[in-house]
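The values are calculated or read from the model by the stated rules, or taken from the named source; none is laboratory data. Note that the coordinates shown come from a computational prediction; the quantities given were computed from them, not determined experimentally. Reconstructed Cβ throughout: ideal geometry from the backbone, glycine too, with neighbour counts over all protein chains shown. For the accessible areas, the whole protein counts, side chains as well, though only heavy atoms, and no ligand, DNA or RNA atoms are used. Shrake-Rupley method; radii C 1.70, N 1.55, O 1.52, S 1.80 Å.
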Amino acid sequence: MPAGSGNALEGEEIYAEKCATCHGDFGDSNEVFSPIVLGNITEEDIQTGRVSALTDPSVVRTTFMKVATLSTIWDYINRAMPWNAPKSLAVDEVYSLVA
């Protein structure tokens, strides 16, 4: 991984500015691209640490559900996002988005 750093607060600002148009405010939009996160997480899921909807075969699989490691997510965002300007994010922006 390249040297760099970021945090979730910075990532939230970057996401709102550069990502939400396609992925929705919470990453659960299914209008332009498939959702990157599951939008139907319940309070019980938060308490147990398990998302019960994932056992339902009718649930649409999200981007993050298909990726095994954070380094793969980092690499994909770094190379391909935003889709209309690939490789335009700074290393620290990518770290912040992953956070």
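Structure notes:
- Residue-span extension gain [R79 to V59] - 0.36 nm each, minus C-alpha spacing: 4.4 nm
- Dividing the radius of gyration of the alpha carbons in the chain by their Kirkwood radius gives 0.98 for Rg/Rh.
- Taking a ≥ b ≥ c as the square roots of the eigenvalues of the Cα gyration tensor, an a/c ratio of 1.5 or more together with a/b no larger than b/c marks the range 1-52 as oblate.
- Over the residues of the chain, the helix contribution to mean residue ellipticity at 222 nm works out to -11000 deg cm²/dmol, using -39500 (n - 2.57) for each DSSP H run of at least 4.
- A 1.4 Å probe, protein heavy atoms only, puts the accessible area of L9 near 130 Å².
- Neighbourhood net charge (9 Å Cβ-Cβ; Lys/Arg +1, Asp/Glu -1) for S52: -2
- Rounded percent of accessible protein surface that carbon and sulfur make up, the chain, 1.4 Å probe: 55
- Whether the range 46-99 is rounded, prolate or oblate, judged on the alpha carbon gyration tensor where a/c under 1.5 counts as rounded: prolate
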